[in-house]
1. What do you get for Rg/Rh of region 157-261 when both radii come from the Cα atoms and Rh is the Kirkwood radius?
2. On each of the three principal axes of the Cα atoms of region 228-285, give max minus min coordinate, whole Å, ordered largest first.
3. List the trypsin sites (Lys or Arg not before Pro) in region 228-284 that DSSP assigns to loop (not H, G, I, E or B) and whose Cβ has at most 15 other Cβ atoms within 10 Å. Which are they?
4. Where the convex hull is taken over the Cα atoms of region 196-248, what is its projected area averaged over directions, in nm²?
5. Using a ≥ b ≥ c from the Cα gyration tensor of region 34-112 (square roots of the eigenvalues), is it rounded, prolate or oblate, where a/c under 1.5 gives rounded and otherwise the larger of a/b and b/c decides, a/b for prolate?
6. Give me the lysines in straight-line cross-link reach of LYS196: C-alpha distance below 29 Å, same-chain residues under 8 apart excluded.
7. Quick check: pseudo-label points 7 Å beyond the Cα along Cα→Cβ at SER74 and LYS224, how many nm apart are they?
8. Note down the nm distance, to one decimal, between modelled labels 7 Å out along Cα→Cβ at ALA287 and at ARG234.
Amino acid sequence: LIQLYMPLNFLGIVYREIRTALTDIERMFTLLGEHREIADRPDARDLPSGPLEVRFENVQFHYDAKRPILHGVSFTVPAGHKVAVVGHSGAGKSTLSRLLFRFYDVTGGAVRVNGLDIRDFRQESLRSAIGIVPQDTVLFNDTLLYNLRYGRPEASREEIVAAARTAQLHEFIESLPDKYETRVGERGLKLSGGEKQRVAIARALLKQPRILIFDEATSALDSKTEQAIGESLRAAARGHTTLVIAHRLSTVMDADEILVLDGGRVVERGSHGQLLAAGGAYAQLWALQQNEEGRQPDGSFVAA
Ligand code: ATP
């Protein structure tokens, strides 16, 4: 009997392993299905030339139908203007930038560029017009020049230096012994969080985008670095239609409009001055950030 039992037991183990493998494959296909590429419409067109206006029109969105994230968000970034979004962690701020880049489609309402639904444009045309400065910047184990040129491989050295100047990075690079040839990344010079974001700003600028999305890093920054990034962003945003996802109020003060997002809804909007005068949620956040005791170690907002 034992002779029969052993192979059967062995078969049982093999069977279980095959079942697990199949389940994994099923799970993989489910995941692939969920992250399928968004397809262009057959009649999709290119973006018009010239300055671009961005409009979110009653945008609703969920990653998972059981958990709505945006509940009807509306705002307009007129061409060449700057709109900033602030709010607590998880409010849905970065989701707005993902929808504009069309990583996902809205589940209600529309995102429009110059009045046209972005689903009517070719994705390639839409994405090539948008420069994103992400929260976390990936640096390759290569020179600074290589890392900057990644924004636009055919860029000339002059264009790269010009972008680095606007991003307030040029002087820092020139102070390094190997200047633009300095190796960075895991095996090279470790750049600080602020320096990395300025590399990302220069990269985004090299793309000569007509729409700029700046997703501010939440990582700890000293006030000098914070100021340098602020200046770099202000210079980069000039003349671009800009959406800023902000964690620090210093970045948003000069925005044409500031939106306070809470639980996927715009609960307040206006200029810095108007919002302070209104004495609402923004004014509370401002008071907290002014008060060193209320300020988080990373300078980000704290729950009011
Ligand atoms: P933070 O200030 O921390 O960056 P945020 O306001 O930018 O936050 P989002 O990144 O827009 O917030 O996320 C909003 C909500 O959506 C969060 O609750 C988050 O857990 C959820 N979420 C984000 N990305 C996904 C995803 N890919 N799948 C499922 N849920 C997600």
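Each reported figure results from applying straightforward, stated rules to the coordinates on display, with no laboratory input. This is a predicted model, so every value here is computed, not measured. Cβ placement follows ideal geometry from the backbone for every residue including glycine, while neighbour counts extend to all protein chains displayed.
1. Details: Rg = 14.0 Å, Rh = 14.4 Å.
Dividing the radius of gyration by the Kirkwood radius yields 0.97.
2. 30, 22, 18
3. Working: sites: ARG234, ARG238, ARG248, ARG265, ARG269; in loops: ARG238, ARG248.
Qualifying residues, ordered by number: ARG238.
4. Values: hull surface 13.4 nm².
Averaged projected hull area, Cα only: 3.4 nm².
5. Details: a/c = 2.09, a/b = 1.12, b/c = 1.87.
Note, shape of region 34-112 comes out oblate.
6. LYS82, LYS93, LYS179, LYS207, LYS224
7. 4.7 nm
8. 2.7 nm
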